[in-house]
Amino acid sequence: METLPGTSGVEWHFLGALQSNKVKSVVGRFRLLHALDRVRVAERLDKELRERDLLQPVLLQVNISKEPSKHGFSPDELVEAAHELANFKNLQVRGLMTIPPLAASAEHSRSYFRDLKRLATQLDREKIPGIAMTELSMGMSGDFECAIEEGATMVRIGSALFGPRAEYD
C-alpha cells in the first residue's frame, strides 16, 4: 500500500467483506480486519499469513439479525466457528462486529448491540485459545451512542464526519 502524505503513525483497518480471491492483497497491510465472516476465508488468510510469517488481528462479523442479505456468522454457529478458527494460529480473533438492520430510530438497534455483547461474553467464557473478546465494533453514525452505551469499543461514523454518501447512477 502506498503511504499517503501526513499519515505516519496511522493504523489502517480493513472494513467490509473480504473475498477469498482478495486475501493476498490485504495480508500485511492492515492493523485489523473488521469483517471475517467465513471459515473458508479464515483458512486462506491463515495460509497466506503463515507463508509470510505474520499474525493478523481480526474481528468476526456476526449477522446478529439473521438477515439473508447480510454477511457474517449466525449467532447460533458462532461458538462452533470460534473453536474451528482457534486452529488457525496466525489469526488473532480480538472481538466481534455487527451491523444491525436499518432502523428508523437508534433505539431500535439497542437490542442487537446488547445481543452482540452477550455473544462476546459467552465466547469469552469458553476460554478458547487464541480467541479474545477485547473489541466490539458496532454502531454507525445514526446509532453509535446506543452502541457505546451497550459496550462498543469501535464505531463507524463516516457519515457523521464527512456527510452522507454520494449516490451513484
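With each run of n ≥ 4 DSSP H residues scored as -39500 (n - 2.57), what mean residue ellipticity at 222 nm is computed for the chain after dividing by its residue count and rounding to the nearest 500 deg cm²/dmol? It would help to have the intermediate numbers written out before the result.
Numbers: 6 runs with 53 residues, N = 169.
One gets -9000 deg cm²/dmol as the mean residue ellipticity at 222 nm.
Report, by chain and number, residues whose modeled amide H sits under 5 Å from the one on residue 37, excluding near sequence neighbours (fewer than 5 apart, same chain).
Residues meeting the criterion, in which the H sits 1.01 Å from N, are 18, 61.
Of the GluC sites (Glu not before Pro) in region 1-99, which ones lie in a loop per DSSP and count no more than 11 other C-beta atoms within 10 Å? Spell out each step's value before the answer.
Working: sites: 2, 11, 43, 48, 51, 77, 80, 84; in loops: 2, 11.
Here the sparse-neighbourhood loop sites are 2, 11.
How many angstrom lie between the Cα centre of region 1-33 and the Cα centre of region 77-125?
Value for the Cα centre distance between the two parts: 22 Å.
Let me know the charge dipole size of region 13-157 about its Cα centre in debye, to the nearest 20, where only the beta-carbon of Lys, Arg (+1) and Asp, Glu (-1) is charged.
500
If you average the sequence gap of Cα pairs under 8 Å that are 6 or more apart and divide by the length of the chain, what percent do you get for the contact order?
Values: 295 pairs, mean separation 27.7, N = 169.
Reported as a whole number, the value is 16 percent.
What are the residues whose amide H is under 5 Å from the amide H of residue 92, where those residues sit 5 or more places off or on another chain and H is modelled from the backbone?
So residue 92 has HN proximity to 56, 58.
With the Cα gyration tensor of region 6-138 in hand, convert its eigenvalues to equivalent ellipsoid semi-axes via √(5λ) and list them largest first in whole Å. Can you show the working numbers first?
Numbers: eigenvalues 117, 62, 39 Å².
Equivalent ellipsoid semi-axes, largest first: 24, 18, 14 Å.
Of 24/89; 66/117; 22/89; 66/89; 22/70, which sit over 24 Å apart, Cα to Cα? Mind dumping the intermediate values first?
Values: 24/89 17 Å; 66/117 16 Å; 22/89 20 Å; 66/89 29 Å; 22/70 19 Å.
Over 24 Å Cα-Cα: 66/89.
Quick one: what are the phi-derived ³J(HN,Hα) couplings along region 136-145, Karplus 6.51/-1.76/1.60 with θ = phi - 60°, whole Hz, x for glycine and proline?
Calculated HN-Hα couplings, in order: 10, 9, 7, x, 10, 3, x, 9, 5, 4 Hz.
Using 0.36 nm per residue of separation minus the Cα-Cα distance, give me the extension gain between residue 10 and residue 80 in nm, one decimal.
Working: separation 70, 0.36 × 70 = 25.20 nm, distance 3.45 nm.
Working it through step by step, the gained length comes to 21.8 nm.
Read-outs throughout are calculated quantities, based only on the coordinates presented, and are distinct from any laboratory measurement. Predicted model only: the values in this text are computed from it and were never measured. Here Cβ is always computed from backbone atoms with ideal geometry, including for glycine, and neighbour counts include all displayed protein chains.
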